[in-house]
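Colleague: If you scroll down you'll find the structure; I have some questions about it.
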Amino acid sequence: MAEVLRSVFLEQVAPKLRDGFSQRPTLEVELAALVERGAQAQPELEVDAPGLVAYVAGHVSEQSSFEALHAGDLRLALACLLGDPTALALFERNVIARALVAVRGTLPVGLTSDEVLQRLRVRLLLRDGERAPALSTYSGRGALVHWCRATTLRLVQEFARTPQREVLSEDALLEAPALTRDLDASLLKQHFAEAFATAFKAALAQLPSRDRYLLQLHYLEGMRAEELGRIFNTHRTTVWRWLTQCREQLLRATRAELAKTVKDTELSSLMNVLHSQLDVSISRVLRAAADEPSD
């Protein structure tokens, strides 16, 4: 798994930082420790380790230690962006509620706490045209509750400076009331489900037959690296390297296929969804193919 995390991180990190990180001898250990700290802090959340690493890679700006990052908050933020109901409930109870307390005494005339809550949900968790959900910018360098409090204060200040009250659209009000809905990730899946499925199937079909067979045994039959090593007459570390290469090739090919039909502004978000749910996507497509009747 450490090799997979390293590979995912280096693929997703900014090109100008890639060389420096690739030469860091402790990168695999640091990433594995980050994932473990996140799991310990938020054990009730289901977050794919490579998906978390991909999210972190998209937010690092300098070669600092990962130890300073708030791993549990990063895990919570990513789970919220992917629409996990448990994460969304935790986020509202433990983060948003505390942020609202900090601004209640400073609300301008005409703005209620309930309206701040609605606007905050929209700002943090929903895409607005070209603007990504604000929560997707959280980098983990500070506590999530402090970051959310600052965002809430900015939202209140924006309202106070606006001469005329901006009324939330009907669509936004319908989408914002309950954080327990599958928000941004769900919307992406709904809007691009067909393109996503077609691109991923095409990417899978581009793999050599040996790699497809390897994935079938691993994901459908549940075979571990040791068992696969005996079948392919090689060491388990070689099997893990093959699996990592398969994942990388699937991601590259899927991106290339999606780029034919999806705008650049949406492509990165779609790929983040795929990163976080790659194992599930592989299993689903392979199982669907196995269930198709043969001619």
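The values are calculated or read from the model by the stated rules, or taken from the named source; none is laboratory data. Being a predicted model, the structure only gives us computed values, none of them experimental. Cβ: placed from backbone, ideal geometry, glycine included. Neighbour counts: every protein chain shown.
Residue-wise test of (1) touching a Cys at 6+ places or on another chain (Cβ under 9 Å); (2) of a type in the set (Ser, Thr, Tyr); (3) at negative phi.
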position	(1), (2), (3)
ALA205	no, no, yes
SER209	no, yes, yes
LEU214	yes, no, yes
ASN233	no, no, no
THR237	no, yes, yes
TRP242	no, no, yes
GLU248	no, no, yes
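Colleague: Do we have any residue at all in segment 38-46 that's out of contact with any Lys or Arg (no Cβ under 8 Å at 6 or more places or on another chain), outside any loop (DSSP other than H, G, I, E, B), under 16 Å from THR137 (Cβ atoms) and outside the structural domain of ARG255 (by TED's automatic domain parsing)? Explain how you work it out, then say what you get.
Modeller: Step one: of segment 38-46, the residues out of contact with any Lys or Arg (no Cβ under 8 Å at 6 or more places or on another chain) are 40, 43-44, 46.
Add one more test, that the residue is outside any loop (DSSP other than H, G, I, E, B), and what stays is 40.
This time we only want the ones that are under 16 Å from THR137 (Cβ atoms), so: none.
The answer is no, given that none of the residues of segment 38-46 is out of contact with any Lys or Arg (no Cβ under 8 Å at 6 or more places or on another chain), outside any loop (DSSP other than H, G, I, E, B), under 16 Å from THR137 (Cβ atoms) and outside the structural domain of ARG255 (by TED's automatic domain parsing).
Colleague: Here's a follow-up. Given the conditions (1) closer than 19 Å to TRP240 by Cβ; (2) of a type in the set (S, T, N, Q); (3) surrounded by 18 or more Cβ atoms within 10 Å (Cβ to Cβ), which single one is not true for GLN12?
Modeller: It fails just one condition, (1).
Colleague: While we're looking at this one, here's another question. Restricting to segment 181-218, name every residue that is surrounded by 17 or more Cβ atoms within 10 Å (Cβ to Cβ), aromatic (Phe, Trp, Tyr) and modelled with pLDDT of 80 or more.
Modeller: Residue satisfying the conditions is PHE200 alone.
Colleague: Of LEU5, LEU17, which residue is part of a helix (DSSP H, G or I) and under 17 Å from the mean Cα position of the chain (by Cα)? Don't jump to the end; show me each part of the working.
Modeller: Details: LEU17 fails: under 17 Å from the mean Cα position of the chain (by Cα).
LEU5 is the lone residue from the list that is part of a helix (DSSP H, G or I) and under 17 Å from the mean Cα position of the chain (by Cα).
Colleague: Yes or no: GLN249 closer than 21 Å to LEU5 by Cα, modelled with pLDDT of 85 or more and not acidic (Asp, Glu)? Break it down stepwise before answering.
Modeller: On the way: closer than 21 Å to LEU5 by Cα: yes; modelled with pLDDT of 85 or more: yes; not acidic (Asp, Glu): yes.
Yes, satisfied.
Colleague: Separate question: Exactly one of these conditions fails for GLU166: (1) modelled with pLDDT under 85; (2) under 30 Å from SER61 (Cβ atoms). Give me its number.
Modeller: Checking GLU166 against (1) modelled with pLDDT under 85; (2) under 30 Å from SER61 (Cβ atoms), the one that fails is (2).
Colleague: Any residue at all in segment 115-126 that's more than 18 Å from ALA89 (Cα to Cα) and at pLDDT below 80?
Modeller: Within segment 115-126, one or more residues are more than 18 Å from ALA89 (Cα to Cα) and at pLDDT below 80.
Colleague: Criterion first (within 22 Å of ALA288 (Cα to Cα) and under 27 Å from the mean Cα position of the chain (by Cα)) does THR244 satisfy it? Spell out how you get there, then give the answer.
Modeller: Values: within 22 Å of ALA288 (Cα to Cα): no; under 27 Å from the mean Cα position of the chain (by Cα): yes.
When the stated conditions are applied, THR244 does not pass them.
Quick grid of which residues meet (1) surrounded by fewer than 17 Cβ atoms within 10 Å (Cβ to Cβ); (2) more than 26 Å from SER268 (Cβ to Cβ); (3) assigned by TED's automatic domain parsing to the domain that holds PHE159:
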| residue | (1), (2), (3) |
| --- | --- |
| GLU28 | no, no, no |
| GLY72 | no, no, no |
| VAL101 | yes, yes, yes |
| LEU107 | yes, yes, yes |
| ARG121 | no, no, yes |
| LEU124 | no, no, yes |
| ASP128 | yes, no, yes |
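Colleague: Taking TYR138 as meeting all but one of (1) assigned by TED's automatic domain parsing to the domain that holds PRO15; (2) among the hydroxyl-bearing types (Ser, Thr, Tyr); (3) crowded, with 18+ Cβ neighbours inside 10 Å, write down the number of the exception.
Modeller: For TYR138, the exception is condition (1).
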